[in-house]
Structure formats: structure tokens, C-alpha cells
Amino acid sequence: MKKIHVTLLTVLVVLLAMISFVGCQKEAEEVAAPAAPEVKEETTVEPSAASAGYEDGIYFAVDEEFPSSGWKYAVTLTVEGGKIVDVDWEGISVSAGAPKKAYDAAGKYNMVAFGGAQAEWSQQAKLAEDYLIKVQDPTAITYKDERGHTDDIAGVSIHVVELFGLAEKALAAGPVGRGPYEDGAYYYFDDDFAGSGWKEYVALTVVNGNIVSANWSAVNRTGDDKKAYDAAGKYGMVEYGSAQADWSDQARLAEAYLIKVQDPSKIEYKDDNGHTDAISGVSIHVNGLFDLAEKALEAGPRDIGPYADGGYYAIQDEFPSSGWKEYVSVFVENGYIASVNWSALNEDGDDKKVYDAEGKYGMVAKGGAQDEWSVQAARVEQYLIDTQDPSAISYIDDNGHTDDIAGVSVHVNSFYELVQEALAGDPISYE
């Protein structure tokens with residue numbers, strides 16, 4: 001019996017030792033284990049759009065109004081695989097025509113030459129676009145002033161708030177795709193001066209396939225631009241005709257309508273003169289805008305030309321022995337000579353082209369010419385528009401006759417001299 005008691009006592013001791021060991025081991029593990037991380041509710045975590053990924057597609061946003069600089073901006077983003085893979089930041093002129101990158105690349109913006117910038121606008125814009133692709137988040141930018149300049153992007157001194165603000169707006173709106181038109185500058189001039197004495201034209205800018213700027217105006221025989229002429233108080237539809245608004249103001253409302261509908265065929269007229277009830281605040285005829293816009297879009301985008309846009313004018317100093325003092329007006333749109341008027345004035349103030357068209361000059365009846373002066377003058381004007389170079393003419397005698405232009409027997413040297421003089425000066429200004 002004593003042996004049994006000893007055995008039971010031994011078992012009891014062993015069991016107590018085992019229990020004590022396990023307890024000590026558990027206590028040691030609890031002390032050594034790190035504290036569990038704090039778990040936050042999912043609703044309190046808001047990942048950035050960039051980290052969450054974007055929906056694939058084309059995003060687009062454009063400024064609604066033109067600031068005092070005359071340039072507003074548009075941004076097109078391409079998202080693939082949830083990431084921004086392409087950024088196009090573009091400037092748009094209030095005069096329409098070439099977008100800012102093309103305008104700058106053609107040497108017409110000249111921030112370096114005229115402003116002492118470290119690089120041209122288009123070059124700096126590319127650096128800003130690349131930065132957005134890198135950071136993937138248009139809010140990941142800091143500005144150092146209210147104009148939207150930043151120190152975040154090396155080599156960029158231009159204000160970039162337009163790029164990042166429009167990119168944020170575009171991403172918030174979601175993918176919209178591309179519009180139906182090819183990007184670039186479009187313009188179209190009417191063939192002739194209307195009875196009013198104005199020849200209408202339309203210039204358009206297309207970005208991401210959308211019409212983003214439209215400029216509808218006209219030019220008269222002396223090279224005045226109707227919109228600028230009117231804005232300077234020289235047309236005066238309100239003052240002289242009791243219109244509800246001046247012509248330039250109504251023209252802008254019509255342009256805005258075209259940008260809204262994006263299709264120049266989407267307009268209804270209430271009469272054969274091209275008036276419409278579709279555009280609030282517009283009582284002028286608008287068929288010129290929509291007809292010319294349709295023709296411009298059909299013709300396709302145009303490259304930018306070498307000349308500065310605007311109207312140019314030159315007139316001879318004195319009346320020659322013929323009694324007619326010649327003058328020319330040249331209108332440049334998108335860098336190209338788009339309209340030319342060659343005529344002359346006598347001491348009574350008669351305009352030679354109008355005088356001739358009324359049958360009063362009579363080169364055919366009185367001089368046996370092949371065509372009237374006004375007809376031949378129109379061929380000379382068209383030749384300049386076709387060649388785009390007032391030096392591209394050769395003469396067959398000292399009187400300025402040429403064989404270069406079919407159907408023209410009048411002397412043309414005075415015309416070309418005046419064109420070169422006009423283009424050597426500054427465009428007509430009303431300031």
C-alpha cells in the first residue's frame with residue numbers, strides 16, 4: 001500500500017509541473033506578441049481617384065469663356081488600363097483658327113523672343129502634360145500664386161492651373177469619347193462682296209473632334225474686319241438702326257449656338273433671308289455663319305500660313321495721269337491671304353471696280369479689251385490668293401504687264417507693289 005501511495009504522489013507532481021509549464025508558456029507568448037493593428041471602418045477610407053484607377057476612355061473639358069488674354073483652354077485625356085496615358089492641353093483663340101500649339105510652333109506666339117521665357121509655350125505645356133501622366137492625379141499639384149504658377153514642374157514657368165483644373169473637371173465628368181471632326185483650324189470665305197459691301201467669312205477651331213471656337217465676321221473693300229469695326233462703334237446697328245444689340249454681339253450669340261449644337265446643318269430659318277427664331281437675342285440673318293461653317297468643315301482643316309492675321313491696306317500717294325489712285329486691301333486669316341480687293345478712286349470719290357461694273361469705264365467697248373477692268377482685276381486677285389506670294393510674278397515689259405495670269409492684259413505691277421507695301425505694315429487696328 002505504501003508503494004501505491006508513492007506512485008500516485010509522483011503522478012500528481014508530474015501533472016502539476018506540466019500544468020505550470022503550459023501556463024508559463026502561454027503567459028510568455030501573450031507578453032511577447034505585438035499589439036493587433038487598429039482596424040478602421042471601410043467607410044472612413046477614401047482612396048484617391050488615381051489609386052482607385054480611372055474608367056478607360058477619352059475625357060474632355062473646355063473653358064466656357066474667353067479671358068482677357070483671348071485664349072481659353074481645353075484638355076483631352078486618354079485613359080487605358082485605368083491610367084492616364086496621354087494628355088493634350090490646348091489653347092483656343094477667340095478669333096478661332098489654329099490652336100495654340102500649332103500657332104506657337106509656327107513662330108507666332110514667341111514667348112522666348114518677346115517675353116524672355118525659358119522655353120516656348122508648347123514646350124512647357126508638354127512638360128506639364130508629362131507631369132500629370134507621372135502623378136496620375138490632377139490634384140497633386142501646388143501653386144505658388146493666385147495665377148496658377150507652380151514650382152513642382154522643372155522647366156515650367158507658365159501658369160498651369162488651367163491644365164490641372166480642366167483635367168480634374170474632365171475626370172469627374174467621365175469618358176465622353178471624341179467628336180466627329182478632325183482636329184485643327186478651318187476657315188471659309190464667301191466668294192464675293194454682298195450688296196452691303198461686306199464679304200463674310202467663318203473660322204473654326206476643332207479640338208478632340210469638337211468645335212470649340214467659331215469666329216464669324218466679314219471684310220469690306222478697304223480691309224476692315226466687321227466684328228472689330230463694329231466693336232469700335234463704327235457699324236452702329238443699335239445707334240443707327242434701333243437693333244436689339246450690335247452686330248458683333250449678335251454674331252457671338254450665333255457662334256455660341258453653333259458650338260452648342262456642333263452641326264451647322266442644325267438650324268431652322270423662318271425666311272429666305274436667313275433669319276431664325278432658334279437663337280435667343282439674334283435678329284440678324286445668320287445663314288452666312290452656318291452655310292460657311294458647313295463649307296469649312298467639308299473642306300477640312302488647314303495648316304497655318306506665314307502672315308499675321310488681320311486686314312491690311314495701302315493706297316497710292318497721288319493721283320497718276322490716269323486720274324485713278326489705286327488701292328489694295330488684303331485680309332489674312334489663319335496666316336493665309338484669304339481675301340484681296342484691288343481697285344482705285346478718282347477725284348470724285350468713285351470706286352473704279354464699282355464704276356466699271358456699272359458699265360461706266362468701258363474697256364471692252366472703248367478700247368477693244370478682252371474683258372472689262374473689274375473682271376481682269378478679279379483674276380489678278382485670285383492669282384495672288386492661289387500663289388500666296390506677292391513677289392511671285394514676272395513682267396514682260398516696263399509697264400508692268402504679265403503673261404503669268406491667264407485672261408489679264410492690264411498692267412499689274414502697281415497691284416503687286418501695293419500688296420507688298422500693305423503686308424509690310426501692321427494689320428488695321430481700331431485702338
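The values are calculated or read from the model by the stated rules, or taken from the named source; none is laboratory data. The shown structure was predicted, so the numbers you read here are calculated from the model rather than taken from an experiment. Cβ sites come from the backbone with ideal geometry, for glycine too, and all protein chains shown count toward neighbours.
Give the number of residues within region 262-300 that are in a helix (DSSP H, G or I) and surrounded by 14 or more Cβ atoms within 10 Å (Cβ to Cβ).
11
Filter region 349-406 down to the residues that are assigned to a helix (DSSP H, G or I), loosely packed, with under 12 Cβ neighbours inside 10 Å and under 38 Å from the mean Cα position of the chain (by Cα) and list them by number.
Residue satisfying the conditions is ASP386 alone.
One line per residue, one yes/no per condition, for (1) outside the structural domain of GLY70 (by TED's automatic domain parsing); (2) among the basic types (Lys, Arg):
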{"site": "ILE158", "(1), (2)": "no, no"}
{"site": "LEU163", "(1), (2)": "no, no"}
{"site": "ARG178", "(1), (2)": "yes, yes"}
{"site": "VAL207", "(1), (2)": "yes, no"}
{"site": "ALA218", "(1), (2)": "yes, no"}
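As an exercise: evaluate ALA243 against (1) surrounded by 15 or more Cβ atoms within 10 Å (Cβ to Cβ); (2) more than 30 Å from GLU421 (Cβ to Cβ); (3) modelled with pLDDT of 95 or more and give the number of the one condition it does not meet.
The failed condition is (3).
Could you check region 188-203 and list, in sequence order, the residues that are in contact with a Leu (Cβ under 7 Å, 6 or more places away or on another chain) and either under 17 Å from GLY335 (Cα atoms) or assigned to a strand (DSSP E or B) (or both)?
Selection gives TYR188, GLU200, TYR201, VAL202.
How many of the residues in region 64-84 are assigned to a loop (DSSP other than H, G, I, E, B) and closer than 17 Å to TYR103 by Cβ?
4
What are the residues in region 74-110 that are among the basic types (Lys, Arg) and modelled with pLDDT under 95, if any?
Residue satisfying the conditions is LYS108 alone.
One line per residue, one yes/no per condition, for (1) part of a loop (DSSP other than H, G, I, E, B); (2) among the basic types (Lys, Arg); (3) loosely packed, with under 15 Cβ neighbours inside 10 Å:
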position: GLN123; (1), (2), (3): no, no, no
position: LEU127; (1), (2), (3): no, no, no
position: TYR131; (1), (2), (3): no, no, no
position: GLU146; (1), (2), (3): yes, no, yes
position: LEU166; (1), (2), (3): no, no, no
position: ALA172; (1), (2), (3): no, no, yes
position: TYR181; (1), (2), (3): yes, no, no
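Does SER391 satisfy the criteria of being of a type in the set (Gly, Ala, Ser), closer than 25 Å to PRO306 by Cβ and in contact with a helix residue (DSSP H, G or I) (Cβ under 8 Å, 6 or more places away or on another chain)?
Answer is yes for this residue.
Could we say that ALA296 is within 23 Å of SER93 (Cβ to Cβ) and modelled with pLDDT of 95 or more here?
For ALA296, the condition - within 23 Å of SER93 (Cβ to Cβ) and modelled with pLDDT of 95 or more - is met.
Just the residues that are small (Gly, Ala, Ser) and either touching a Pro at 6+ places or on another chain (Cβ under 6 Å) or surrounded by fewer than 15 Cβ atoms within 10 Å (Cβ to Cβ) (or both), please, taken from region 247-261.
ALA256
Tell me yes or no: at least one residue of region 237-253 is closer than 23 Å to SER93 by Cα and β-branched (Val, Ile, Thr).
No: region 237-253 contains no residue that is closer than 23 Å to SER93 by Cα and β-branched (Val, Ile, Thr).
Of these, LEU423, LEU418, which one is farther than 18 Å from ALA344 by Cβ and at pLDDT 95 or above?
Just one listed residue meets the conditions, LEU423.
Return the residues of region 148-179 that are under 24 Å from GLY209 (Cβ atoms), touching a residue at least 40 places away in the same chain (Cβ under 8 Å) and not small (Gly, Ala, Ser); say none if nothing qualifies.
GLU162, LEU163, LEU166, LYS169, LEU171, PRO175, VAL176, ARG178
Note down all Cβ pairs under 6 Å where the first residue falls in region 340-362 and is within 14 Å of GLU318 (Cα to Cα), the second is at pLDDT 95 or above and part of a strand (DSSP E or B), and they're at least six residues apart or on different chains.
ALA344/LYS325; ALA344/GLU326; LEU345/LYS325
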